[in-house]
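Read-outs: derived from the displayed coordinates by stated rules, not from any lab. Not measured: the values here are computed from a predicted model. Cβ: placed from backbone, ideal geometry, glycine included. Neighbour counts: every protein chain shown.
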Amino acid sequence: MWIKGGKVVDPVKGTVKQVDLLVENGKIAKMLPPDIFEDIGADLRIIDASNRVIVPGLIDMHVHLREPGHEYKETISTGARAAVAGGFTSLACMPNTLPPNDSRSVTEFILMQAERAGLAKVYPIAAITMGQKGEALTEFGDLRDAGAVGVSDDGFPVADSEVMRRALEYARYQGLTVISHCEDRHLSRGGVMHEGVVSTRTGLPGIPAAGEEIMVFREISLSKLTGCPVHIAHVSTAGSVELIRRARDEGVPVTAETAPHYFSLDHNAVKGYDTKAKMNPPLRTPDDVQAIKDGLARGIIDVIATDHAPHSNLEKDLEFDKAAFGIIGLETALPLTLDLVRQGILGLPEAIGKLSCNAYALLRIPRGRLIEGAQADLSIIDTECEYVLREEDIISKSKNSPFIGKTLKGRNDLTMVGGKVVWERDAAIGHQQSRQIA
Amino acid sequence: MRKFEHKDLLGISQLSVEDITLILNTAESLKEISSRDIKKVPTLRGKSVVNFFFEPSTRTRISFEMAAKRLSADTVSISALGSSTAKGETLIDTARNLQAMNPDLIVLRHSSSGAPHLLAREVKAGIINAGDGINEHPTQALLDLFTIREKKQKIEGLEVAIIGDISHSRVARSDILGLTKMGARVTVSGPPTMMPAEIEALGVEVVHDPIKAVKEKDVVMLLRIQLERQGKVLFPGLREYASCFGLNRDIIREAKSDVIIMHPGPINRGVEITSEVADGPYSVILDQVTNGVAVRMAILYLLMGGSKE
């Protein structure tokens, strides 16, 4: 396969260059300057990527695929399809399934389902504790051997600080990344949105920023104590960004991610009681949004991950306080991240880095670089395409997105995983030849 | 002649000064009906009103029912316990079923903030918020405004203190919005544990000490302390609350000599208010209840397309 005329983004080198790619046997066989490669007349599919940007396969390191257990919301197959449609070639999925992923059998089941789907690569994040109960550690070694790349109790954060300390120590030895959803569940109890002027005006119980920051500080303290790395999930407050900045300045091995909604929306989105704007952590203030953007620009936040949380209308078409937390994100992450580039907050390679190499490195996954000899994981993006997101266009099984009806700019046209085209927008890309090798 | 340009009454937040004045003026002319021998006019004959109460309520529910009946509307009252909600039906489904029976108005009391807004999006009938979670209780605020105007002949420029759990009070929220819109100056008071975040943004002053808060006030409003809502951490107990924040005769002396004392009820005697104050000469607590019927008649009338000359 010959992908020609596109501009290739290399987030590691920080470059955007026009390069032609030759894909053979699932790998990037050759990368050549434009107009050098000539059609050798073989059965070669030519993909015209002119006016398009080619990015290394993106990874969303924080998704909920709901299988096993909640297949009516999403399955590994539907989630992976939404992922490749959105431009992602890899996913790391959280363990809060039913049963939770706290054992080899669940990890292997997830990998088997992902293999069957044959779309995006799926990397399970296993639970830190059995049943996500915060008590006994899961078998990190066995889980890693089965294919888990990290551990997290996600929405049921480990409350017992000693358990968390031991998890950090043991996980480093076993080569697993520890991801912490930072929430003091006593302080957030009963809350359904950010505590502030909007919660006061709407009469909705608040979740104070301190509920997140207390836990961020604890994780930083434990990381300092043990010398072990910790990754902070979905950072949403200015205070968290500042805590992480100071820790990094001191050399504490803490990394962080945020989700597109935390730099795209603020708590005003909740006015009118729209349950599609309900997630945990909640949308914060405009000042927090600014701090998240600054944190991304200054490299304090390493990764953009969506916290893709599919819920059906059974959980969302309810009174605000009764509705489930969470929104889907796989199909909107790319345009929302490209907004940061257009706002001048991130350069294009930097932005793509936060959706690719930074997260791959964190999870020790040897994919996601466009270099000769590497796995051909890539996406071809039309950064200029503007469209209104319609519910019927959403591929994920659940439609709980606050961006429905909004105008988005930037769209994925084609996704390739291991040299195989796994997703292609109809008629998006001019086909000069239809014969296909892959 | 002015018409009321709303399908629903979801909160004071949606109302303009003109809307509020229209409601109060309409209530004034309807109030007289309740003192007649035959307390009924045919104004809303053939209209149907559903009183849908997901939370226990005596005062508000009876008040709405009386208001509707005095205007000759047909009323049906259902509570969550007797409805299919108890069988697991969602609010939206219940609403759609109600809609299928074509009521003109639905009066909703619900424990979730925003529930009436959800209902209003789903059904054609007008929705009246009779209290949603800790958000708003607009008809209570309107009857409070009515009572204040009746006793003081004005609202603008009055000094009002609201004492109690401001955080968890839909009455407080609606009263704050209504009073500030109508030009009164509002001071809120109570323990810091019961003050919502950034409440000053609503245009009120916060004075925790009730003695200071009632100083030179024209109106003092108390809120019910609700043990069932407030759990155990917002204040140590009723005894402590009564001694630190309860309104007694000594504190009242700090207010203006013609102060009026208001309470949305039901009152906890000896907790937020002593009996001598509740039953005393300044108390207008029962006038509030009387006026509640007139104000709700006005709202039913205006929402069904009535106008006021």
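Observations on the model:
- Fewest-first sequence of A:Val122, B:Val49 by Cβ atoms within 10 Å of each Cβ: A:Val122, B:Val49
- Here the contact order of region A:321-378, divided by its residue count and restricted to Cα pairs under 8 Å and six or more residues apart, works out to 15 percent.
- Options A:Thr255, A:Ile232, A:His267, ranked by Cα towards positive dipole end of chain A, top entry (Cβ charges): A:Thr255
- Whole-Hz couplings from phi, Karplus 6.51/-1.76/1.60, listed for region B:287-292; x for Gly and Pro: 4, 4, 5, 4, 5, x
- Value of [θ]222 nm, deg cm²/dmol, for chain A, DSSP H segments ≥ 4, -39500 (n - 2.57) each, nearest 500: -8500 deg cm²/dmol
- Rounded to whole numbers, the Karplus 3J(HN,Hα) couplings from phi for region A:298-313 are 8, x, 6, 9, 7, 10, 10, 9, 8, 6, 3, 10, x, 9, 7, 5 Hz, using 6.51 cos²θ - 1.76 cosθ + 1.60 with θ = phi - 60°, and x at Gly and Pro.
- Peptide A:317-325 is shielded by partner chain Cβ atoms: per residue, an average of 6 of them sit within 10 Å of its Cβ.
- Ordered by the number of other Cβ atoms lying within 10 Å of each residue's own Cβ, fewest first, B:Glu272, B:Glu205 fall into the sequence B:Glu205, B:Glu272.
- Candidates B:Ser63, B:Ser112, B:Ser169: whichever shows maximal mean-square fluctuation once chain B is modelled as a Gaussian network with Cα springs under 10 Å: B:Ser112
- Altogether, the Stokes-Einstein calculation at 20 °C and 1.002 mPa s, with the Kirkwood radius of region B:1-137 over Cα pairs as Rh, returns a diffusion coefficient of 136 µm²/s.
- Scaling against 2.2 N^0.38 Å puts the C-alpha radius of gyration of region A:333-376 at 1.29.
- Based on DSSP H segments of at least four residues, each scored -39500 (n - 2.57), chain B has a per-residue ellipticity at 222 nm of -11000 deg cm²/dmol.
- DSSP beta bridges in the protein assembly as shown [antiparallel fraction, %, rounded to 5]: 35
- All-pairs Cα distance distribution in chain A, expressed in whole percent, bin size 10 Å: 5, 23, 33, 26, 11, 3, 0
- Only alpha carbons enter this Debye calculation for region A:1-126, each as an equal point scatterer, and the log10 of I(q)/I(0) it gives at q = 0.12, 0.22 Å⁻¹ is -0.58, -1.14.
- Computed from Cα positions, the angle between helix A:104-117 and the longest principal axis of chain A comes to roughly 30 degrees.
- Using only Cα coordinates, the Kirkwood hydrodynamic radius of region A:267-409 works out to 16.8 Å.
- Put simply, when A:136-143, A:13-20, A:193-200, B:155-162 are sorted by average Cβ atoms within 10 angstrom per residue, most first, you get A:193-200, B:155-162, A:136-143, A:13-20.
- Relative contact order for region A:13-154: 18 percent, from Cα pairs under 8 Å spaced at least 6 residues apart, divided by residue count.
- With a 10 Å cut-off around each Cβ of B:196-203, the average count of Cβ atoms from other chains is 5.
- Amide hydrogen neighbours beyond the local backbone of B:Ile128, cut-off 5 Å, H modeled: B:Leu9, B:Ile106, B:Val107, B:Leu108
- Diffusion coefficient, µm² s⁻¹, Stokes-Einstein with Kirkwood Rh over alpha-carbon pairs of region B:167-221 at 25 °C and 0.890 mPa s: 213
- The C-alpha atoms of the protein assembly as shown occupy a region whose extents along the principal axes are 102, 57, 46 Å, arranged from largest to smallest.
- Region A:161-222: trypsin sites (Lys or Arg not before Pro) falling in loop per DSSP and having at most 15 other Cβ within 10 Å: A:Arg185, A:Arg189
- Proximity of backbone amide H atoms, modeled 1.01 Å from N, is registered between B:Ser111 and B:Gly133 at under 5 Å, excluding neighbours fewer than 5 places apart on the same chain.
- Counting only residues at least eight positions apart within a chain, or on another chain, the aspartates and glutamates with an alpha carbon under 16 Å from that of A:Lys399 are A:Glu71, A:Glu74, A:Asp274, A:Asp307, A:Glu315, A:Asp317, A:Glu331, A:Glu391.
- Rounded to 10°, Cα long-axis angle of helix A:286-297 versus longest principal axis of chain A: 50
- Counted over region B:101-156 with a bin width of 5 Å, the fraction of Cα pairs per bin, in whole percents, is 5, 19, 21, 17, 13, 12, 9, 3, 1.
- For peptide A:200-213, the mean count of partner chain Cβ atoms within 10 Å of a residue's Cβ comes to 5.
- Helix A:76-86 vs. chain A, principal-axis angle (Cα, 0 to 90°, nearest 10): 60
- Phi to ³J(HN,Hα) by Karplus 6.51 cos²θ - 1.76 cosθ + 1.60 over region B:168-178, Hz, x for Gly, Pro: 9, 10, 6, 5, 4, 4, 5, 5, 4, 4, x
- Exceeding the 21 Å Cα-Cα cut-off - candidates B:Lys151/B:Lys217; A:Lys316/A:Lys406; A:Lys224/A:Lys354: A:Lys224/A:Lys354
- Candidate cross-link partners of B:Lys7 among the lysines, defined by an alpha-carbon separation under 16 Å and a same-chain spacing of 8 or more, comprise B:Lys47, B:Lys124.
- Checked against a 29 Å cut-off, the cross-linked pairs B:Lys3/B:Lys69; A:Lys73/A:Lys133; A:Lys276/B:Lys3; B:Lys39/B:Lys181 give Cα-Cα distances beyond that limit for A:Lys276/B:Lys3; B:Lys39/B:Lys181.
- Translational diffusion coefficient (Stokes-Einstein; Kirkwood radius from C-alpha pairs) of region B:69-135 at 25 °C, 0.890 mPa s, in µm²/s: 197
- Peptide packing: for A:253-263, A:276-286, the average count of neighbouring Cβ atoms within 10 Å per residue gives the ranking A:253-263, A:276-286, highest mean first.
- Ordering B:Ala172, B:Gly126, B:Ala161 by Cα displacement along the dipole of region B:121-181 toward the positive end leaves B:Gly126 in first place; charges were set at the Cβ atoms of Lys, Arg (+1) and Asp, Glu (-1).
- Approximate shape of chain B as ellipsoid semi-axes (Cα gyration tensor, √5λ), whole Å, largest first: 32, 23, 17
- Across chain B, Cα pairs under 8 Å and at least six residues apart give a relative contact order of 22 percent.
- Between A:Ile47 and A:Trp2, A:Ile3, A:Lys4, the built amide H atoms are under 5 Å apart, and every one of these is 5 or more places off in sequence or on another chain.
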